[in-house]
Amino acid sequence: MYTKREKQQKHSILCSLAASLLYSRLTRNIFAKLMQGMISLVLGLAKRIKYHHAGARILDEKKLMALAILNSMSKAAEKKRLKKAVMADVLNLWAKAVLTPRRKNAAVRDYTAGKGSNPPFLLVISPGHACNLKCTDCYAAAGPGPAAGNRESKLSWKLLDRIVEEAKKLWDIRLVVFSGGEPFLYRSHDKDMLDIVEKNKDLLFLAFTNGTLIDENIAARIGKCKNITLAFSVEGLEEATDSRRGVKIFERVSKAMALMRKEGVPFGISVTVNKNNCSAVLDEQFLNHFFENEGAFYGFYFQYLPIGRNADFSLMPSADQRLQFWKSIWKVIEEKKIFLIDFLNHGTMVKGCIAAGRDGGYLHIDWDGNIMPCVFLPYIAGNIRHYYHKGKNLNDVLDQPFLKAIRDWQKKMGHGSQNLRKDGNLLTPCPYRDHHIDFTDLLNTYNPAYQFIGLDGAVGPKNIYGDHKVPKADLINSRVYRDAFLAYGKQMARHFDPIWKKRYIGSDQ
């Protein structure tokens with residue numbers, strides 16, 4: 001038996017070897033073809049052993065995704081976009097985060113025994129609410145000055161450090177995601193976001209950023225860390241990005257990407273998909289610019305949800321557009337082998353909704369310590385400060401009734417299960433967007449506090465659906481808003497349920 005340290009050393013050696021093979025012109029293609037063969041073999045065997053028809057398509061999708069990731073790595077090595085040493089560390093951390101089974105340390109074993117499931121896989125933290133930009137429809141209503149609410153809303157360094165350390169100890173998490181506000185504005189006790197990254201070399205970090213604060217000093221720190229990747233927010237090419245984010249923002253993001261290339265570290269893009277840009281962000285010009293010219297390693301797509309500043313239901317992609325986007329993004333992944341993830345349409349990749357601390361899922365903790373099931377579900381299940389004040393920990397957070405109810409809904413829908421169900425459509429995974437009638441029942445039952453975000457950007461707790469108390473500007477609490485979501489859910493069922501039953505389950509009934 002290998003010791004823990006010996007296993008880590010063995011894993012590191014294998015990753016260094018893989019990096020060397022990718023960086024050699026003589027062995028790169030051979031190594032890539034070998035890995036393609038292994039991916040096809042493993043997933044092909046899994047299809048034969050586990051499935052006759054139901055779920056076979058999901059394995060085909062996983063194969064396409066794996067080949068896209070492999071192609072992105074090979075291209076990055078061929079064009080020297082990542083430094084060889086960085087590639088070895090990236091392989092080590094990413095493989096550990098995504099592929100390696102979590103250690104069954106005493107705390108994780110106790111969690112599994114007590115709760116009957118594994119703990120969350122990752123944690124999303126928005127350490128500060130402030131942002132140097134004021135995007136027209138920011139989901140968090142972040143921005144500079146009083147219009148952003150309390151600019152000083154942020155987690156203390158001590159609290160942020162404790163949350164990360166506790167998640168490592170109790171859940172053996174592999175990945176921490178920073179959102180915001182703008183993460184690179186965070187400061188507390190002379191510490192910033194990169195200090196937590198530098199302290200936790202065993203974790204992989206992902207930060208969603210507008211890119212405008214990245215200078216040579218920050219880029220050098222990132223290059224030295226090697227365990228963080230940045231997802232730069234764009235809305236399309238220059239005109240689309242600047243119209244939402246501000247004049248010359250696209251140019252500043254491009255400069256930040258150039259600094260990442262100089263340091264030889266991987267980065268990607270993050271796109272908010274709305275009814276106006278849903279075709280443009282997958283077209284040839286867009287893909288060539290970011291994945292060929294700029295050298296982005298991955299692309300994350302988030303379909304617009306009308307929350308936050310200037311919430312506008314009409315901006316949400318229609319059911320027809322969402323269906324076309326689902327078809328188009330898989331076509332790009334298959335034909336161009338670009339690593340793209342649509343966090344709504346790719347529910348099949350993660351077994352459905354991953355909110356509320358589900359096994360393999362995550363929780364969101366915001367700048368005020370509020371605990372929410374999802375970044376895009378602004379309903380507060382509790383506050384981490386209050387839990388810590390009472391001598392409790394993150395495990396106790398997951399016992400909160402509203403979070404448990406969401407996980408029970410996920411189980412009822414078959415989310416997180418190996419067994420697919422006709423009535424558990426993973427193509428429509430979101431309880432809030434796709435099954436709003438179910439989510440309304442949860443809200444009425446548990447009455448969670450609402451992270452009130454009005455058009456003026458103010459943030460603070462507010463109860464739901466009190467129509468006579470809600471400002472006209474705050475559409476998110478109105479019955480009109482709710483009825484629109486109910487109609488949308490019915491449209492989604494008409495579009496995607498037949499596809500789910502025929503292509504994934506193998507039944508037309």
key: Residue check for L305: surrounded by 17 or more Cβ atoms within 10 Å (Cβ to Cβ) and either modelled with pLDDT of 95 or more or among the hydroxyl-bearing types (S, T, Y) (or both)   = no
note = All conditions in (1) within 20 Å of the chain's Cα centre (by Cα); (2) part of a helix (DSSP H, G or I); (3) among the hydrophobic types (A, V, I, L, M, F, W, C); (4) within 23 Å of S254 (Cα to Cα) are true of F325 except (4)
query = How many of the residues in the stretch 376-399 are in a loop (DSSP other than H, G, I, E, B), open to solvent by 20 Å² or more (accessible area, probe 1.4 Å) and either in contact (Cβ under 8 Å) with a residue 60 or more places away in the chain or within 19 Å of L155 (Cβ to Cβ) (or both)?
reply = 4
ask   = When residues of the stretch 121-133 are filtered for being in contact with a helix residue (DSSP H, G or I) (Cβ under 7 Å, 6 or more places away or on another chain), part of a loop (DSSP other than H, G, I, E, B) and open to solvent by 10 Å² or more (accessible area, probe 1.4 Å), how many remain?
value = 3
remark   = The condition of being open to solvent by 10 Å² or more (accessible area, probe 1.4 Å) and in contact with a strand residue (DSSP E or B) (Cβ under 7 Å, 6 or more places away or on another chain) holds, among T272, T241, only for T272
task = Name every residue in the stretch 400-435 that is open to solvent by 70 Å² or more (accessible area, probe 1.4 Å) and basic (K, R), in order of residue number.
result = K404, K411, K412, R421, K422
message = Anything in the stretch 181-191 that is surrounded by 19 or more Cβ atoms within 10 Å (Cβ to Cβ) and either in contact (Cβ under 8 Å) with a residue 60 or more places away in the chain or assigned to a strand (DSSP E or B) (or both)? List them, or say none.
response = G181
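With at pLDDT below 95, closer than 26 Å to R187 by Cα and within 17 Å of the chain's Cα centre (by Cα) as the only criterion, which of L230, L203 stands out?
L203
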query = What number of residues within the stretch 71-113 satisfy the criterion of being among the acidic types (D, E) and either under 20 Å from W171 (Cβ atoms) or modelled with pLDDT under 85 (or both)?
reply = 2
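Pick from the stretch 335-345 the residues that are modelled with pLDDT of 95 or more and open to solvent by 10 Å² or more (accessible area, probe 1.4 Å): which of them is farthest from S74 (Cα to Cα)?
Step by step, filter the stretch 335-345, then rank; the result is I341.
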task = Looking only at the stretch 347-375, count how many residues are open to solvent by 10 Å² or more (accessible area, probe 1.4 Å) and over 25 Å from S156 (Cα atoms).
result = 8
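The values are calculated or read from the model by the stated rules, or taken from the named source; none is laboratory data. Everything numeric in this text was worked out from a predicted model, so none of it was measured. Positions of Cβ are generated from backbone atoms using ideal geometry, with glycine treated the same way; all protein chains shown enter the neighbour counts. Accessible surface is based on the protein model in full, side chains and every heavy atom, while ligands, DNA and RNA are left aside. Shrake-Rupley method; radii C 1.70, N 1.55, O 1.52, S 1.80 Å.
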